[in-house]
Every structure is written in C-alpha cells, then in structure tokens.
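This report concerns only the one structure given below.
The values are calculated or read from the model by the stated rules, or taken from the named source; none is laboratory data. If you're wondering where the values come from, they're calculated on a predicted model, not measured in any experiment. Cβ: placed from backbone, ideal geometry, glycine included. Neighbour counts: every protein chain shown. Protein only, heavy atoms only, side chains kept; ligands, DNA and RNA dropped before computing areas. Shrake-Rupley method; radii C 1.70, N 1.55, O 1.52, S 1.80 Å.
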Amino acid sequence: MNKEKCIDPFLEKRLIKYDEWLDKGQISYSSKVIPVSESISTKQWVLPTEQVMGVLDEAKSVAVQNCLCRTHYQRCDNPLEVCFLLNGVGDTFVRKGMARHVDLTEAAEILKKANESGLVHLGLYMPDHELFALCSCCSCCCHDLQIVKQFDRKDLMVHSEYIAVTLSEDCIHCSVCVERCVFGARVFQDGEMEYTTAACLGCGLCVTTCPAEAISMEVREG
C-alpha cells in the first residue's frame, strides 16, 4: 500500500484492514461485482448466484440499512437505504436498532431504485470468505470503488462472471452507457462511443438504459 497516497482516514482504515486480511490469507478479495438482474436474460443464462435477488432469496434472513459510505461522505443524493445484510450479521444489526428486516418484495423495489440511480451491486466478504452484505454503490462514496479507482487496487475486487457485449452496428452513439459506466470501460470521443472490454467488470448498468438495445451480457470466457 502506498501510504503517502492515503490522505483519507476513512479509506486508509479500510485499506489497512484489507491488506492485513490478504497477508494472513483470510480473504482472497474484499468484494465482487454482481450484475443487475434485469440485464441478464433468464431464458439464456440461469445463474441465480450471480443475481442479487437470487442471493437474497437463498439467505435465511435479510435486513437493510443506510449505506455507511454515503452517510459518511454525503457527496451525492443517491438512495441511502440500499445496503443489505444477510443472516446473522443482519439479525445482529436489527437487534441493535441499526437495520430493519425486509422481505423479497421490498428488496426488489430497493434494487430497482438503485439501478435507476446507476448504482453498482457489490457483494462484500468477511475474512471467513462468507458473503455478509450486498450493497448498491456509487463511485464517489463507496470505499471499495474509491480504493479500486484511486489506488488501482483491482486485486481487491472481483469482476462478475458476465461481460457486456456491444453490437457496433446497432449502437447509436448516444453516450448514455458512457454516463452509466463507473469503471471507465466506455468513453465518448469524436462523436462515437468507444468500449474497452478489458475494463468491464460486468455490472450490467449499461444494458438496462441502452435505448437501442445494442448491449447484452454474456458469460465471460475463462
């Protein structure tokens, strides 16, 4: 870790913790990108573990709380109550009055609003490799997204098993997908959209707002 670059105590605390867990072999990564469920055609790809609703459906209990990162930074007006806590972790936070239990119907509505706001779904992991939280994140506040982008710590975040595929002949170069992509995989230059597949982490946000339906998600090779 480049400590000279860590000027934000909130991020520095997280990064020191992640590096400690990595050094001890307690984690392989801190978070994983999970694609927007609406971006996956259930007729073509049925992988419920890669969809947030599938993960929530498999949990014994689900609670939701305000996103700690957006509460801390307050840099945007994106929805706050979007952080899902699973099973025992959620139950503990509910008992402490820091979260509330939700059913799948309400969870789906929360995820819909998160997608409309252009938030990336991240699965967060503890040292025992257990998935304990699912949050919908913005690049201006989320500690993991900030660490990945500011410190180039891509080793801490795992891309989803999907990747966006764009049909160039159908693309109308409207730049909507460029505005939605938080990983810089899409840029608008000289009146055209340019897409770098290597930078795509498979969140699916570009798919759900493409007016020409020129983008789809496919299982990533390898």
Quick one: in region 164-179, of everything that is open to solvent by 30 Å² or more (accessible area, probe 1.4 Å) and not in a loop (DSSP other than H, G, I, E, B), which residue is nearest to L119 (Cα to Cα)? E179
Search region 174-193 for residues that are in contact (Cβ under 8 Å) with a residue 40 or more places away in the chain and pair each with any residue that is β-branched (V, I, T) and surrounded by 15 or more Cβ atoms within 10 Å (Cβ to Cβ) when their beta-carbon atoms are under 8 Å apart and the residues are at least 6 apart or on different chains. R180/T209; V182/V120
Going through region 72-92 one residue at a time, which ones are open to solvent by 70 Å² or more (accessible area, probe 1.4 Å) and either under 19 Å from F132 (Cβ atoms) or part of a helix (DSSP H, G or I) (or both)? H72
Any chance R153 is under 22 Å from L11 (Cβ atoms), open to solvent by less than 50 Å² (accessible area, probe 1.4 Å) and modelled with pLDDT of 90 or more: no
What tally of residues in region 192-222 results from selecting those that are in a loop (DSSP other than H, G, I, E, B), among the acidic types (D, E) and at pLDDT 90 or above? 1
Do any residues in region 85-113 that are of a type in the set (K, R) have Cβ atoms under 7 Å from those of residues that are surrounded by fewer than 19 Cβ atoms within 10 Å (Cβ to Cβ), where the two are at least six apart or on different chains, and which pairs are they? R100/V94; K113/P79
